[in-house]
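The structure under discussion appears below in the form of structure tokens.
The values are calculated or read from the model by the stated rules, or taken from the named source; none is laboratory data. All values derive from a computational prediction rather than experimental measurement. Please note: Cβ atoms are built from the backbone with ideal geometry, for glycine as well, and neighbour counts cover all protein chains shown.
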Amino acid sequence: MSHDLSGQVALVTGATRGIGRAIAESLAGAGAHVIVSSRKDAAVEETVAAIRAAGHSAEGIASNVGRLEQLHALADQALARHAAIDILVNNAAANPVYGPVEETSPEAFAKIMDVNLRAPFELAKRVLPGMAARGGGSIINLSSIGGISPEANLGIYSVSKAAVISLTQVMAREWGKRNVRANAICPGLIKTDFSRALWGNEDVLAKAMAAQPIPRMGEPRDVAGLALFLASRASSFCTGGVYMVDGGITI
């Protein structure tokens, strides 16, 4: 079945680097018009320019999705420019704490939950009516293998990503009759700036590679390929799924 996304509009959060950027570029390469969103205007503009330079269609809306008023403004602007959003990729994430869970402050806890959990929920609610009115669409939520099995020193981050999986399955169950699909992707150790605290530690990296059936670090493009499948009609019967991109480490 076709992976062609021509005529569709995709909104990707956290889209200016790492996994989010790879997904934005992949969807644009398949023909989607991509709305690039991230916190910093300059980064958004650079990413949009790069996608356009490659011959694809994109625009940008800067937004800090951890702030409810900016999140709502992002959805309102996107929907004012387009009849509906066909593909929503909730990729933006935050983890200001790396260490024992008891060291997580109330402020850090709130930030993690606001960005990682509340933002995907609020954004999906905003785009749902138009998505359903157009005949359906795809919501892709980025979770983590930490949402399946909590990772050391990533306690509340892991909790938030477990909640993202549950949220995704709630969306799938409740919105399926409107042909709105929701799926979760759980990356393992992917080489991005966000995960540098893990792969930058030689001992942590060595242990991971020793345990992982495919003994290499993942690349953002490894996640983008799955996201393209889940965004396209090729996955039209897939909803509520939890997909690992982890080199087999969770087997």
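For the stretch 103-116, check the following and say yes or no: at least one residue is under 14 Å from GLY20 (Cβ atoms) and either at pLDDT 95 or above or assigned to a strand (DSSP E or B) (or both).
Among the residues of the stretch 103-116, at least one is under 14 Å from GLY20 (Cβ atoms) and either at pLDDT 95 or above or assigned to a strand (DSSP E or B) (or both), which makes the answer yes.
How about the stretch 149-186: which of its residues are in contact with a strand residue (DSSP E or B) (Cβ under 6 Å, 6 or more places away or on another chain) and assigned to a loop (DSSP other than H, G, I, E, B)?
Within the stretch 149-186, just ASN153 meets the criteria.
What number of residues within the stretch 133-148 are assigned to a helix (DSSP H, G or I) and within 30 Å of GLU102 (Cβ to Cβ)?
3
Could we say that GLY241 is in contact (Cβ under 8 Å) with a residue 12 or more places away in the chain and under 24 Å from ARG17 (Cα atoms) here?
no
Checking LEU128 against (1) farther than 20 Å from PRO220 by Cα; (2) in contact with a strand residue (DSSP E or B) (Cβ under 6 Å, 6 or more places away or on another chain), which test does it fail?
For LEU128, the exception is condition (2).
Out of the stretch 220-240, which residues are crowded, with 16+ Cβ neighbours inside 10 Å and part of a loop (DSSP other than H, G, I, E, B)?
Listed by number, the residues that qualify are SER232, THR239, GLY240.
Pick out, from the stretch 1-79, the strands (runs of 3 or more DSSP E) lying fully within it that include 1 or more residues that are touching a strand residue (DSSP E or B) at 6+ places or on another chain (Cβ under 6 Å) and surrounded by fewer than 17 Cβ atoms within 10 Å (Cβ to Cβ).
Output list reads 57-60.
Any idea how many residues of the stretch 159-191 are within 22 Å of THR104 (Cβ to Cβ), of a type outside the set (A, V, I, L, M) and either surrounded by fewer than 21 Cβ atoms within 10 Å (Cβ to Cβ) or more than 14 Å from the chain's Cα centre (by Cα) (or both)?
Residues meeting the conditions: 1.
So GLU122 ticks every box in (1) farther than 28 Å from ARG233 by Cα; (2) of a type in the set (Asp, Glu); (3) touching a His at 6+ places or on another chain (Cβ under 8 Å) but one. Which box is left unticked?
(1)
Under the condition of being surrounded by 19 or more Cβ atoms within 10 Å (Cβ to Cβ) and of a type in the set (S, T, N, Q), which residue from the stretch 105-139 is farthest from the chain's Cα centre (by Cα)?
SER138
Of the numbered conditions (1) more than 16 Å from LYS125 (Cα to Cα); (2) modelled with pLDDT of 95 or more; (3) surrounded by 17 or more Cβ atoms within 10 Å (Cβ to Cβ), ASN95 fails exactly one; give the number of that condition.
Evaluating ASN95 over (1) more than 16 Å from LYS125 (Cα to Cα); (2) modelled with pLDDT of 95 or more; (3) surrounded by 17 or more Cβ atoms within 10 Å (Cβ to Cβ) leaves (2) as the failure.
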